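Each remark here refers to the structure printed beneath this line.
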Amino acid sequence: MGIQIAPSILSADFANLERDITRVASADWLHVDVMDGHFVPNLTLGLPVLERLAEVSPLPVDAHLMIENPDHWAPRYAEAGATSVTFHLEAAEDPVRIAKDLRALGARASVAVRPGTPVDSLLDVLREFDMVLVMTVEPGFGGQAFMPETMPKVTALREHATRLGHSLRIEVDGGVARDTVPTVVEAGADVLVAGSAIYGADDVAGEIAALRALGERHSRA
């Protein structure tokens, strides 16, 4: 399926978002973190801002909802223009229903798990999801250190998806940089969210290309 790179605008300059979105136009997705100050102890942006970002972005928007009540809100983000919507398993009442609602709206349905959340409950319903996001840091803040102990979950998801013949995307978010890309890709991930590694680089486009090439070299595919 190929390695995809999703720069996180959590590390962008919020006073110059359109400029910083344009800077990452060579990536595959634009990763937008939505935080409500309740599910995670931070507050970022909501529907009106995401809708406008989707209008000006040269990339499809990958919305990561770190919010309460995704059963109600997740479809609203698809309606606002997000091509991919990720909600947290820990916050959802009916994850499968949310996924069906997102797919009905034409969006990619994705579910996320915190570092300490097992993925066992997802295995029996894995076909309902287009992607699973395994958090490799605690959600809520950028710039944290990568947690390698989350990798067995990535491997379990990839192996189960392979047995099912399901072309599941597995995304990782947190501490993704050149030194961690081989680890996450060899475990089975193929969508890499990177914030500070990309936006902190002198050559943003060059860093995107380097992360993609490194991922392709270590890919299971």
- If you take the residues in the range 1-19 that are touching a strand residue (DSSP E or B) at 6+ places or on another chain (Cβ under 9 Å) and more than 25 Å from His166 (Cβ to Cβ), which one is surrounded by the fewest Cβ atoms within 10 Å (Cβ to Cβ)? Ser11
- Task: Scan the range 200-219 and report the pairs whose first residue is at positive phi and among the aliphatic types (A, V, I, L, M) and whose second residue is modelled with pLDDT of 95 or more and buried (at least 17 other Cβ atoms within 10 Å of the Cβ), with Cβ atoms within less than 6 Å and a gap of 6+ or a chain change.
- Result: none
- Query: For the range 109-118, which residues satisfy the criterion of being surrounded by fewer than 19 Cβ atoms within 10 Å (Cβ to Cβ) and of a type in the set (Val, Ile, Thr)?
  - Reply: Thr117
- What are the pairs, 6+ residues apart or on separate chains, where a residue within the range 152-178 that is assigned to a loop (DSSP other than H, G, I, E, B) has its Cβ under 9 Å from a residue that is at pLDDT below 95 and of a type in the set (Asp, Glu)? Gly174/Glu138
- Task: Taking Glu128 as the residue in question, decide whether it is surrounded by 15 or more Cβ atoms within 10 Å (Cβ to Cβ) and under 19 Å from Gly215 (Cα atoms).
- Result: no
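At least 1 residues that are among the basic types (Lys, Arg) and touching a residue at least 24 places away in the same chain (Cβ under 8 Å) in each: list the helices (runs of 4 or more DSSP H) lying fully within the range 13-97 that qualify.
Qualifying helices (runs of 4 or more DSSP H): 17-23, 70-79.
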- Query: From the list Glu79, Glu90, which residue is under 17 Å from the mean Cα position of the chain (by Cα) and of a type in the set (Asp, Glu)?
  - Reply: Glu90
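Select from the range 46-89 the residues that are charged (D, E, K, R), over 21 Å from Val24 (Cα atoms) and touching a His at 6+ places or on another chain (Cβ under 7 Å) and list them in ascending order.
Glu68
The values are calculated or read from the model by the stated rules, or taken from the named source; none is laboratory data. The model shown is predicted, which means the values in this text are computed figures rather than measured ones. Heads up, the Cβs are rebuilt from the backbone with ideal geometry, glycines too, and the neighbour counts pull from every protein chain shown.
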